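The values are calculated or read from the model by the stated rules, or taken from the named source; none is laboratory data. Here the structure is a predicted model, which means the values were calculated and not measured. Cβ coordinates were reconstructed from backbone atoms using ideal geometry, including for glycine residues, and neighbour counts include every protein chain displayed. Side chains are part of the model used for accessible areas, which takes the heavy atoms of the whole protein and leaves out ligands, DNA and RNA. Shrake-Rupley method; radii C 1.70, N 1.55, O 1.52, S 1.80 Å.
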Amino acid sequence: MSEKLCHINDLTDPGAMGFDLELPVFIVKKDNQVFGYINKCPHAGVNLEWQDNDFLNIDKTFIQCSVHGAIFTIESGLCVHGPCNGIGLKSVGLLVDDNGDIHLNNK
Ligand code: FES
C-alpha cells in the first residue's frame, strides 16, 4: 500500500517537507532525488524541525535537529556530528511515480 505525500515539484532542491501521519515522517529532496525518514531524533526521540518543514541546516547540506543540533547526512540519515553521532535516522521507503508524485511505500 502506498500513500501519496506530495509532488516532487512541491519541494525546493535542496528542500524538505514534513508530514504529520500516524507515524510522522519527513522527506528531503537533493539533486532531484528524494529521501524519507521518520521524524524522530535518535538522541531524545523528539521531532527534528524547529518550525514547519525546517529540517535542514542553513546551507541546506545536512539534516539538522533543532533541539541539540545533531547533523545527519541527507542521503543516509546517519548522524555525523552531535550527541547521537554514529546513529542513523530511520528511513522510510518512497516511490516517485511517472507523474512525479511521491508516495510513502509501506510494503
Ligand atoms: S534531540 Fe536531536 S540532537 Fe538532541
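Here are the numbers for the structure shown:
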read-out: Residue tally, condition out of contact with any Gly (no Cβ under 6 Å at 6 or more places or on another chain) and open to solvent by 30 Å² or more (accessible area, probe 1.4 Å), over segment 53-80; value: 13
read-out: Filter result for D54 (within 15 Å of the chain's Cα centre (by Cα) and of a type in the set (D, E, K, R)); value: yes
read-out: Every residue from segment 81-92 that is closer than 21 Å to D54 by Cα, open to solvent by less than 70 Å² (accessible area, probe 1.4 Å) and either out of contact with any Pro (no Cβ under 8 Å at 6 or more places or on another chain) or at pLDDT below 95 (or both); value: G82, V92
read-out: Yes/no for D52 being more than 19 Å from N105 (Cβ to Cβ), among the charged types (D, E, K, R) and out of contact with any Asp or Glu (no Cβ under 7 Å at 6 or more places or on another chain); value: yes
